[in-house]
1. For the range 210-229, state whether one or more residues are under 15 Å from L22 (Cβ atoms), touching a helix residue (DSSP H, G or I) at 6+ places or on another chain (Cβ under 9 Å) and not in a loop (DSSP other than H, G, I, E, B).
2. Determine whether the range 163-178 contains at least one residue that is over 12 Å from the mean Cα position of the chain (by Cα), assigned to a strand (DSSP E or B), surrounded by fewer than 22 Cβ atoms within 10 Å (Cβ to Cβ) and at pLDDT 95 or above.
3. If I filter the range 196-232 down to residues being among the aromatic types (F, W, Y) and touching a Ser or Thr at 6+ places or on another chain (Cβ under 9 Å), which single residue comes out as surrounded by the fewest Cβ atoms within 10 Å (Cβ to Cβ)?
4. What about L193, is it open to solvent by 50 Å² or more (accessible area, probe 1.4 Å) and touching a His at 6+ places or on another chain (Cβ under 7 Å)?
5. Go over the candidates G69, G89, G63, G51 one by one and state the one that is touching a Leu at 6+ places or on another chain (Cβ under 6 Å) and either at positive phi or not aliphatic (A, V, I, L, M) (or both).
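The values are calculated or read from the model by the stated rules, or taken from the named source; none is laboratory data. Predicted model only: the values in this text are computed from it and were never measured. Don't worry about glycine lacking a Cβ; one is built from the backbone with ideal geometry, like all the others, and counts go over all protein chains shown. Ligands, DNA and RNA are excluded from the accessible area calculation, which covers all protein heavy atoms including side chains. Shrake-Rupley method; radii C 1.70, N 1.55, O 1.52, S 1.80 Å.
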Amino acid sequence: FDLPVTIAYPQPFDSTKQYPVLMTVYGGPGAGKVYDKWETSLPEIYWAQQGVIQVIADNRASGHFGKKGIDLSHRQMGINEIEDFMAVGKWLKQQPWVHPNKLCITGFSYGGYMTCMALTYGADVFDYGVAYYGTSDWRLYDTQYTERYMDSPSENPEGYKKTAVKTWLHKYKGMLRIIHGNSDNNVHPQHSLEIVDSLQELGKHFEFILYPGVRHGFRGNKWLHSKQELAIFINKYLLTP
């Protein structure tokens, strides 16, 4: 598969320098983020001016490849997807203008799940991650969505185990920030709390931000706070020499 990717380069861009990368993903079946149109935002312009390469990538199940791509997620939703994002990450790190130790991935909901998988399953590729209210175990998500792709846990126990973040936490390294609202009625905070609990038991260093009263896809002052915290994260881990 020729994976769809867009790259926003720093301004000005010097190909002889090495830049940190912020890679944004979603990853869910039939839901891409890369489109054939001009689309930018003020934060994207700002971080380009600060010297951050910004990448948006899609995987084989994102809808660009039709049913053929989505079918490959059957009974193992999340594995091919993270493998595709790892392929993009590996390609980026082969480029002379990418800093070899400053590849950060971020995403919301399914993208939060992919971010947690990137810092565990894909820990040899990704150095940093900011995961917003992501799933961690398909056994905890609603059956209407999950069993469409995974079948039931009793029918596919190995698939549920293989796709759970907890299965790969022993590989964790780098720095992961986990963000969740305690009133999220789509992806229950239990998803993030299971990862937090396991990382604590393993004695791993990470960051966790809980937003009281916030549901799935929050806005308002809490959202502004999360944007400020993201800026602090980027400056601390990606832009500091």
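1. Yes, there is a match, as at least one residue in the range 210-229 is under 15 Å from L22 (Cβ atoms), touching a helix residue (DSSP H, G or I) at 6+ places or on another chain (Cβ under 9 Å) and not in a loop (DSSP other than H, G, I, E, B).
2. yes
3. F208
4. Criteria not met by L193.
5. The conditions single out G89.
Every residue, every condition in (1) surrounded by fewer than 18 Cβ atoms within 10 Å (Cβ to Cβ); (2) within 26 Å of L239 (Cβ to Cβ); (3) modelled with pLDDT under 95, yes or no:
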site	(1), (2), (3)
T6	yes, yes, no
T16	yes, yes, no
Y26	no, yes, no
P29	no, no, no
Y35	yes, no, yes
T40	yes, yes, yes
G51	yes, yes, no
Q54	no, yes, no
A57	no, yes, no
